[in-house]
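First the structure, in the form of structure tokens, and then the observations on it.
The values are calculated or read from the model by the stated rules, or taken from the named source; none is laboratory data. All of these numbers come straight from a predicted model, not from anything done at the bench. Every residue, glycine among them, receives a Cβ derived from its backbone with ideal geometry; neighbour counts consider all protein chains shown. Keep in mind that these areas ignore ligands, DNA and RNA; they rest on the heavy atoms of the full protein, side chains included. Shrake-Rupley method; radii C 1.70, N 1.55, O 1.52, S 1.80 Å.
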Amino acid sequence: MWSQQRIQLPAMERGFHLITDRVVEALPDLARCRVGMLHLQLLHTSASLTLNENADPDVRHDMDAFLRRLVPGDLPYFRHTLEGPDDMPAHVIASLLGTQLTLAVHDGRLALGTWQGIWLGEHRNHGGPRRLIATLNGEE
Amino acid sequence: MWSQQRIQLPAMERGFHLITDRVVEALPDLARCRVGMLHLQLLHTSASLTLNENADPDVRHDMDAFLRRLVPGDLPYFRHTLEGPDDMPAHVIASLLGTQLTLAVHDGRLALGTWQGIWLGEHRNHGGPRRLIATLNGEE
Amino acid sequence: MWSQQRIQLPAMERGFHLITDRVVEALPDLARCRVGMLHLQLLHTSASLTLNENADPDVRHDMDAFLRRLVPGDLPYFRHTLEGPDDMPAHVIASLLGTQLTLAVHDGRLALGTWQGIWLGEHRNHGGPRRLIATLNGEE
């Protein structure tokens, strides 16, 4: 079985957000898939998708705090500065973390570890709504 | 053809470990797959999977040495510190390198380049055994 | 439908290069695929594949400028130095950005966002031609 659909996420503030439930709710066909893969791809270049801890919000805080310091906005050699000091760091972080993710599906559910969740990384100050395309392939 | 199974890796010490042979040995169905994709997903958030050099162990040493300095454990703004100074860096590195990997399959084998191997990154001091889920999809 | 083929890219200079058109031109079967996934895997460990901005070349410049400073070649603890000071940084960046990418396919085309393009990161001074393996799986 193949199933593909677009998911729109509302505007979120800069930082990391747990979106596992939103993604699963948008994909009713997941329940029919016994074994498969779910591919998620953000359609943007200044936000990211990653798998990380689904419990303590401090992990999301610390990840963002680390990355803001790793890629500051005022590096003197940056040329792509027209859209503001949060833009080029957002592009860098999008490539460091990635904008697409493939996840195992087992018995109608995402086969995530106990502590794993899907994170959206919003790396712009005002990124607006974000779209992603979800492609499910599997065996019923 | 679809095939899915869990693979358990024994506890390994902090650093990077070549696991290509372990993965291939755990997947007898791979030999029947003419063209396909193998998806590997760690079920943890403080270890990583990456493709890198399969020969000189110094590459694995240097990667670990670099990442330990890039993400130190004693950053004053880290809040998620209850599990020790190796925990939050492990979460950061897991997202920088990723915890899932999709690999091309050709003629019953992983279609890796001559120098490519699958690395497990263990980023905790005492991470214990690590589980991954392998999903193979292809044409016989 | 399954389709797999090797693509050879000519030698490119150190930095990031937009390769979306080259990849699409090498894959005539893409046009027949209504819904699917395209998997791209570099067969090298010192170059990278990432999705990022397809318009302003300054974004590619800034990404490279940032990564050169993030991973300098003369770190005193590097042991893998025999192939020159550009080699170990290239291995590190290959793992930070990744060497494989899965992309959604919709109506015979890559389902990329308006501003998304496929980048090849060449991280060696003289990397030579680079090969990748493209695996397409989908529904006609």
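Taken over the range C:55-69, the criterion of being more than 7 Å from every other protein chain (Cβ to nearest Cβ), open to solvent by less than 30 Å² (accessible area, probe 1.4 Å) and either touching a helix residue (DSSP H, G or I) at 6+ places or on another chain (Cβ under 9 Å) or without any contact (Cβ under 8 Å) to a residue 24 or more places away in the chain (or both) is satisfied by C:Leu67 alone. Would you be able to say whether some residue in the range C:80-87 is more than 10 Å from chain B (Cβ to nearest Cβ) and closer than 27 Å to B:His39 by Cα? Checked against the condition, which is being more than 10 Å from chain B (Cβ to nearest Cβ) and closer than 27 Å to B:His39 by Cα, the range C:80-87 yields no hits at all. Taken together, the criteria exclude B:Leu82 from residues that are buried (at least 19 other Cβ atoms within 10 Å of the Cβ) and at negative phi.
Whether a residue is aliphatic (A, V, I, L, M) and more than 28 Å from A:Leu38 (Cβ to Cβ) was assessed, and B:Val59 passes this test. The set of residues from the range B:88-108 being farther than 12 Å from B:Leu49 by Cβ, more than 10 Å from chain A (Cβ to nearest Cβ) and touching a helix residue (DSSP H, G or I) at 6+ places or on another chain (Cβ under 8 Å) comprises B:Val105, B:Gly108. Of everything in the range A:36-54 that is farther than 13 Å from A:Gln100 by Cα and open to solvent by 10 Å² or more (accessible area, probe 1.4 Å), the residue that is farthest from the other protein chains (Cβ to nearest Cβ) is A:Asn54. Screening B:Leu112 with (1) within 14 Å of chain C (Cβ to nearest Cβ); (2) among the hydrophobic types (A, V, I, L, M, F, W, C); (3) assigned to a helix (DSSP H, G or I) gives one miss only, at (3).
Does C:Pro28 count as within 14 Å of chain B (Cβ to nearest Cβ) and of a type outside the set (Lys, Arg)? It is false that C:Pro28 is within 14 Å of chain B (Cβ to nearest Cβ) and of a type outside the set (Lys, Arg). Summed over the range B:103-140, residues that are crowded, with 22+ Cβ neighbours inside 10 Å and hydroxyl-bearing (Ser, Thr, Tyr) total 1.
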